[in-house]
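Below: one structure, written as structure tokens.
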Amino acid sequence: MALRVQSQYGHWVKGIDPVANAFAGTVRSDVVRGGNHRSVTFVIYKAVGATGTATITVEANDDVTPSNSTAIPFKYRACTTGDTWGALTDATTTGFATTAGSSQLYEIIVNTDELGNTGYKYLSLKSVEVVASPVLGGILIMMNQPRIAQATPATAIV
């Protein structure tokens, strides 16, 4: 069987480098161009933190600044124990709240067709701290199913 390289199917982007107190206040991931892929997956990794929580939303953006944004619906699931994932859940534009604790993963999946409803081309993940307590963490972004396959994917950040 031939080895398949993940970049044939998608493109990884650093959303927020891992850092202490990664989700303090209001933070946004890097803005990515969503239209070149069929879906975008944000992966939040909460490595260490006792009581910090946040509300997570996904925003469609008009540009990379972003100057104007609007929240869009998405799907998500959580892995809060080992490698056992919860059910895939629909989130409205109001998002969802993370739970307190360490060693958690959250997978946020966005159908890029949702961008067509906004007229915007770009996406970012927004985190608003609910319980202020430092959390060591970061965000990865996977640009899934390129609309035009390339051996070397085009940059998704601009």
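The values are calculated or read from the model by the stated rules, or taken from the named source; none is laboratory data. If you're wondering where the values come from, they're calculated on a predicted model, not measured in any experiment. In this analysis, Cβ positions are derived from the backbone assuming ideal geometry, glycine residues included, and neighbour counts consider all displayed protein chains.
Some notes on this structure:
- Members of region 68-104 found to be surrounded by fewer than 20 Cβ atoms within 10 Å (Cβ to Cβ), outside any strand (DSSP E or B) and touching a residue at least 40 places away in the same chain (Cβ under 8 Å), listed by number: ASN68, PRO73, THR99, ALA100, GLY101, SER102, SER103
- Yes/no for THR93 being in contact with a strand residue (DSSP E or B) (Cβ under 9 Å, 6 or more places away or on another chain) and modelled with pLDDT of 95 or more: yes
- Each residue in region 23-67 was checked for being part of a loop (DSSP other than H, G, I, E, B), hydrophobic (A, V, I, L, M, F, W, C) and under 22 Å from THR98 (Cβ atoms), and 4 pass.
- Exactly one residue among SER103, SER67 is hydroxyl-bearing (Ser, Thr, Tyr), at negative phi and at pLDDT below 95, and that residue is SER67.
Residues are listed down the side, and each one gets a yes or a no for (1) under 13 Å from ILE141 (Cβ atoms); (2) out of contact with any helix residue (DSSP H, G or I) (no Cβ under 8 Å at 6 or more places or on another chain); (3) at pLDDT 95 or above; (4) not basic (Lys, Arg):
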residue	(1), (2), (3), (4)
GLY34	yes, no, no, yes
HIS37	yes, no, no, yes
ALA47	no, yes, no, yes
ILE72	no, no, yes, yes
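- Contact map, region 18-31: residues that are farther than 7 Å from VAL135 by Cα paired with residues that are assigned to a strand (DSSP E or B) and among the acidic types (Asp, Glu), Cβ distance under 8 Å, separation 6+ or inter-chain. Pairs shown: ALA24/GLU129; GLY25/GLU129; THR26/GLU129; ARG28/GLU59.
- Pair list, Cβ < 8 Å and 6+ apart or interchain, from region 124-138 residues that are under 30 Å from SER39 (Cα atoms) to residues that are acidic (Asp, Glu) and surrounded by 15 or more Cβ atoms within 10 Å (Cβ to Cβ): SER124/ASP30; SER124/GLU59; LEU125/GLU59; LYS126/GLU59
- Subset tally (residues that are among the β-branched types (Val, Ile, Thr), under 16 Å from the mean Cα position of the chain (by Cα) and surrounded by fewer than 24 Cβ atoms within 10 Å (Cβ to Cβ)) for region 32-51: 2
- Members of region 77-90 that are of a type in the set (Val, Ile, Thr) and modelled with pLDDT of 95 or more: THR89
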